[in-house]
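Participant: Take a look at this one; I'll ask things after.
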Amino acid sequence: MPVPLAAFDASDKATQLQRLREQLLGHPIYDAVQTVENLRLFMREHVFAVWDFMSLLKRLQQIVTCCEVPWMPSADASLARFINEIVLGEECDEDGCGGYASHFELYLAAMDEIGADARPIREFLSQLRRGVPIDVALDEAAILDNTRDFVRSTLRLTKQGYAHEVAAAFFHGREDIIPDMFSRFVNSLPQQGIRVERLVHYLQRHIELDANDHGPLAARLVKRLCGDQPSREAESMAAAGMAISQRIALWDGILAEIRRTT
């Protein structure tokens, strides 16, 4: 089970965060995806985390750049540069076929390649386009409760979190840990004889960009937003712990469903 969120009131948040990180990277979900059917189930749920990642990123873009008309110069052009470089890679990356696509679209293409059920995410987005409130659309989505809770937690942070909390969740809960998480799938899937060229392209792009570019940029963003204020550093660590804990809960839900249906 994830470390209780209340535990992040303790003084040694860095140690607790490291333990959570180790728990996430040692999760049995990586060994549980042994068949095409298991992978399809995993992707049906995980695509919602791919989608809400972009909402978290766009919230950061709103915080440190100007996304409104009339335009006004950013308070810190270096922070704007950081986040815009990340947006460029995530929203319109090379698609491996000579064109460009968001990482979300790359993931959908990978789902189509192996026949994963993309109807829940596509219907969810269709409802949002029709103006259905997001809470209603989430309630009606044919997904696991843990997946629904994960998305709600992310969206709540985008609406209520301080800038440094959003940045910390983005760095520690996504950019910093994704390369290590995804490398486990890249290494295991070919051994299982699963043909997943589009998915491997998606995973490898994330590993490459997050480890070499986006991760370091996101770390600098957190540091700049916290400044030298201990209170902000503590809040950032708590937000990071919550983000990783929610990911563990997401993995727990998918793993339980894999075991139930196998």
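Participant: Whether any residue in the range 89-104 is in a helix (DSSP H, G or I) and among the aliphatic types (A, V, I, L, M) is what I want to check.
Facilitator: No - not one qualifying residue is present in the range 89-104.
Participant: Next question, about the same structure. Which of the residues spanning the range 227-243 are in contact with a Gly (Cβ under 7 Å, 6 or more places away or on another chain) and not hydrophobic (A, V, I, L, M, F, W, C)?
Facilitator: Within the range 227-243, no residue meets the criteria.
Participant: From (1) at pLDDT 85 or above; (2) open to solvent by 50 Å² or more (accessible area, probe 1.4 Å); (3) over 15 Å from PHE170 (Cβ atoms), pick out the condition that doesn't hold for ARG224.
Facilitator: (3)
Participant: Across the range 227-262, what is the total count of residues that are open to solvent by 70 Å² or more (accessible area, probe 1.4 Å) and within 28 Å of HIS46 (Cβ to Cβ)?
Facilitator: Qualifying residue count for the region: 5.
Participant: Within the range 122-139, restricting attention to residues that are loosely packed, with under 14 Cβ neighbours inside 10 Å and among the small types (Gly, Ala, Ser), which residue is nearest to the chain's Cα centre (by Cα)?
Facilitator: Taking the candidates together, the pick is SER126.
Participant: From the residues in the range 183-216 that are within 22 Å of ALA239 (Cα to Cα) and open to solvent by less than 20 Å² (accessible area, probe 1.4 Å), which one is modelled with the highest pLDDT?
Facilitator: GLY215
Participant: Let me spell it out: the conditions are (1) within 25 Å of ARG156 (Cα to Cα); (2) of a type in the set (Phe, Trp, Tyr); (3) free of Cβ contacts under 8 Å to residues at least 60 places away in the same chain, and TYR100 meets all of them except one. Which number is the exception?
Facilitator: Only one criterion in (1) within 25 Å of ARG156 (Cα to Cα); (2) of a type in the set (Phe, Trp, Tyr); (3) free of Cβ contacts under 8 Å to residues at least 60 places away in the same chain is unmet by TYR100, namely (1).
Participant: Give me the pairs: first residue in the range 111-136 and at positive phi, second residue open to solvent by less than 60 Å² (accessible area, probe 1.4 Å) and not in a loop (DSSP other than H, G, I, E, B), beta-carbon distance under 8 Å, and six or more apart or on different chains, which are they?
Facilitator: Between residues of the range 111-136 that are at positive phi and residues that are open to solvent by less than 60 Å² (accessible area, probe 1.4 Å) and not in a loop (DSSP other than H, G, I, E, B), the close pairs are GLY115/VAL36.
Participant: Here's a follow-up. Take ILE86 and decide whether it is aliphatic (A, V, I, L, M), closer than 22 Å to PHE171 by Cβ, in a helix (DSSP H, G or I) and open to solvent by 10 Å² or more (accessible area, probe 1.4 Å).
Facilitator: no
Here's the yes/no breakdown for (1) of a type in the set (Phe, Trp, Tyr); (2) open to solvent by less than 40 Å² (accessible area, probe 1.4 Å); (3) over 21 Å from the mean Cα position of the chain (by Cα):
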{"position": "ALA32", "(1), (2), (3)": "no, yes, no"}
{"position": "GLU68", "(1), (2), (3)": "no, no, yes"}
{"position": "PHE82", "(1), (2), (3)": "yes, yes, no"}
{"position": "GLU91", "(1), (2), (3)": "no, no, no"}
{"position": "GLY98", "(1), (2), (3)": "no, no, yes"}
{"position": "ALA110", "(1), (2), (3)": "no, yes, no"}
{"position": "PRO120", "(1), (2), (3)": "no, yes, no"}
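The values are calculated or read from the model by the stated rules, or taken from the named source; none is laboratory data. Note that the coordinates shown come from a computational prediction; the quantities given were computed from them, not determined experimentally. Virtual Cβ from ideal backbone geometry, glycine too; neighbours counted across all protein chains shown. What goes into the accessible areas is simple: the full protein's heavy atoms, side chains included, and nothing from ligands, DNA or RNA. Shrake-Rupley method; radii C 1.70, N 1.55, O 1.52, S 1.80 Å.
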